[in-house]
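Take a look at the structure below.
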Amino acid sequence: MIAVVGAGAFGTALAISLARDGRAVTLLARDLRGMDQTRRSPKLDVAIPANVLITDDATQLQSAECVLMAVPAQSLRRVLETHHDQLANKRIVACCKGIDLETLTGPVASISATLPDATAAILTGPSFADDIAAGLPTALTLACADDTAGRALQQTLSTANLRLYRTTDTIGAELGGALKNVIAIACGVAIGAGLGDSARAALMTRGFAEMQRLAGALGADPQTLTGLSGLGDLALTCTSTLSRNYRRGLALGAGDQIDAAATVEGAATSVAVTDLGQARGIDLPVCTIVASLCAQKISVETALQTLLSRPLKEE
Ligand SMILES: NC(=O)C1=CN([C@@H]2O[C@H](COP(=O)(O)OP(=O)(O)OC[C@H]3O[C@@H](n4cnc5c(N)ncnc54)[C@H](OP(=O)(O)O)[C@@H]3O)[C@@H](O)[C@H]2O)C=CC1
Ligand SMILES: O=C(CO)COP(=O)(O)O
């Protein structure tokens, strides 16, 4: 049995996809919201197959062959600690995109620090929950430092429509997923402020250079970022209004009222990235500007002038 912790949009979509392919799945919800009765998620327009056990009973995790953690990046540590006893020596696959603000580390480090006996992996890349739930073709990166375990997870989690590519570069894979959210906000701001598609292309490209620079400094192979997690997810999230991070950027760029309660992961990640860059002396102008914009410390006009007035340099 495969367990999914977190019955939000992504966790439920993954559960549906795996179950449709014949796997037995347990979906652990913090709040069932009647999903076990209606067999529907309030966040997806697809019925949940009968071979998904929807439960709020965490003891069900004990019999899982692997556990997918589909909770927001800033909640991951807390959720791992809460279910420590059920998860202690399992194969744990983070399905979130972000950098923990307290530790300035990614989801794989959170798993290893919280559950030293577990096998830690991450599943990330370009995919909207709605697309996965609808059974549309999708390709993702599965990263696990232990390649034998990674190969087994790749087999276990690939389905007819969900194709997983494998890498051992967990830091590169998780940074690709985390950092693209920051650049997606920047691109949304550009479009929301009417700066045009050319400005967006410039931000995607220079943002990608920042992603590779930071990833290399943190021990990743910058080449990993040219894969699905990185370039692939950047292409999706910086161009689609299905992305919450991109939509947050659109709202900031257009000067719309921001709902403070509706957080997007790229906002927290922009703060973490700014701290990491400053501590290591790495130049990350786009990410730093996004942190200031999200905190509403500077105007879009100031952000634009700051980026355009930087010294000219080699590409
Ligand atoms: N949505 C998408 O298209 C995609 C999302 N992802 C990633 O998946 C991760 C989850 O996103 P998504 O599913 O969209 O988010 P949702 O908000 O839809 O779901 C998050 C889930 O996590 C649960 N949760 C949050 N905090 C806690 C906590 N402290 N303890 C227990 N459960 C908690 C929520 O429970 P409750 O409902 O009770 O609040 C909810 O079930 C993110 O990192 C995102 O980047 C990746 C690819 C695509
Ligand atoms: O990560 C995603 C697509 O790959 C979803 O993006 P958002 O979190 O911005 O909605």
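The values are calculated or read from the model by the stated rules, or taken from the named source; none is laboratory data. All values derive from a computational prediction rather than experimental measurement. Virtual Cβ from ideal backbone geometry, glycine too; neighbours counted across all protein chains shown.
Of all residues being polar (S, T, N, Q) and assigned to a loop (DSSP other than H, G, I, E, B) in region 100-121, which is farthest from residue 168 (Cα to Cα)? Just the residue, please.
103
Filter region 113-144 for residues that are surrounded by fewer than 23 Cβ atoms within 10 Å (Cβ to Cβ) and away from ligand 2 (no atom under 16 Å from the Cβ) and give the result.
113, 114, 115, 116, 117, 118, 119, 135
Kindly list the number of the only condition in (1) more than 11 Å from ligand 2 (Cβ to nearest atom); (2) among the hydrophobic types (A, V, I, L, M, F, W, C); (3) exposed (fewer than 14 other Cβ atoms within 10 Å of the Cβ) that fails for residue 242.
So the condition that residue 242 fails would be (1).
Is region 83-93 home to any residue that is among the acidic types (Asp, Glu), assigned to a helix (DSSP H, G or I) and under 21 Å from the mean Cα position of the chain (by Cα)?
Going residue by residue through region 83-93, those that are among the acidic types (Asp, Glu) are 85.
Checking the rest, the ones that are also assigned to a helix (DSSP H, G or I) come to 85.
Adding the requirement that they be under 21 Å from the mean Cα position of the chain (by Cα) leaves none.
Checked against the condition, which is being among the acidic types (Asp, Glu), assigned to a helix (DSSP H, G or I) and under 21 Å from the mean Cα position of the chain (by Cα), region 83-93 yields no hits at all.
Per-residue answers, yes or no, for (1) surrounded by fewer than 20 Cβ atoms within 10 Å (Cβ to Cβ); (2) among the aromatic types (Phe, Trp, Tyr); (3) closer than 22 Å to residue 285 by Cβ:
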site: 151; (1), (2), (3): yes, no, no
site: 164; (1), (2), (3): no, no, no
site: 176; (1), (2), (3): no, no, yes
site: 181; (1), (2), (3): no, no, yes
site: 205; (1), (2), (3): yes, no, yes
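Can you tell me which residue in region 1-40 is surrounded by the fewest Cβ atoms within 10 Å (Cβ to Cβ), limited to those that are free of Cβ contacts under 8 Å to residues at least 40 places away in the same chain, within 15 Å of ligand 1 (Cβ to nearest atom) and of a type in the set (Gly, Ala, Ser)?
Once the filter is applied, the top-ranked residue is 34.
If I ask for residues that are within 23 Å of residue 277 (Cα to Cα) and not hydrophobic (A, V, I, L, M, F, W, C), which ones from region 189-207 would you list?
Matches in region 189-207: 200, 205, 206, 207.
Go through 168, 148 for me and flag whichever is polar (S, T, N, Q), free of Cβ contacts under 8 Å to residues at least 40 places away in the same chain, farther than 15 Å from residue 269 by Cβ and touching a Cys at 6+ places or on another chain (Cβ under 9 Å).
On the way: 148 fails: touching a Cys at 6+ places or on another chain (Cβ under 9 Å).
On inspection, the qualifying residue turns out to be 168.
Looking at residue 68 and the list (1) hydrophobic (A, V, I, L, M, F, W, C); (2) within 16 Å of ligand 2 (Cβ to nearest atom); (3) not in a strand (DSSP E or B), which single condition is not satisfied?
For residue 68, the failing item is (3).
Inside region 244-306, counting only helices (runs of 4 or more DSSP H) that do not spill past its ends, which hold 1 or more residues that are in contact (Cβ under 8 Å) with a residue 24 or more places away in the chain and acidic (Asp, Glu)? Write out each step before concluding.
Values: elements: 244-254, 265-280, 285-294.
Answer list for region 244-306: 265-280.
Of the residues 178, 220, 215, 262, only one is closer than 22 Å to residue 101 by Cβ, touching a helix residue (DSSP H, G or I) at 6+ places or on another chain (Cβ under 7 Å), within 15 Å of ligand 2 (Cβ to nearest atom) and not hydroxyl-bearing (Ser, Thr, Tyr); which? Spell out how you get there, then give the answer.
Values: 220 fails: within 15 Å of ligand 2 (Cβ to nearest atom); 215 fails: within 15 Å of ligand 2 (Cβ to nearest atom); 262 fails: touching a helix residue (DSSP H, G or I) at 6+ places or on another chain (Cβ under 7 Å).
One residue alone meets the criteria, 178.
Just one of 253, 266 is farther than 11 Å from residue 183 by Cα and surrounded by 18 or more Cβ atoms within 10 Å (Cβ to Cβ); which is it?
Values: 266 fails: farther than 11 Å from residue 183 by Cα.
The match here is 253.
Only one residue in 110, 75, 63 is farther than 20 Å from residue 275 by Cβ and either surrounded by fewer than 17 Cβ atoms within 10 Å (Cβ to Cβ) or of a type in the set (Ser, Thr, Tyr) (or both). Which one?
Details: 110 fails: farther than 20 Å from residue 275 by Cβ; 75 fails: farther than 20 Å from residue 275 by Cβ.
Just one listed residue meets the conditions, 63.
Identify, from the list 262, 235, 272, the residue that is within 19 Å of the chain's Cα centre (by Cα), modelled with pLDDT under 95 and of a type outside the set (Asp, Glu).
Numbers: 235 fails: modelled with pLDDT under 95; 272 fails: modelled with pLDDT under 95.
Criteria check complete, one pass: 262.
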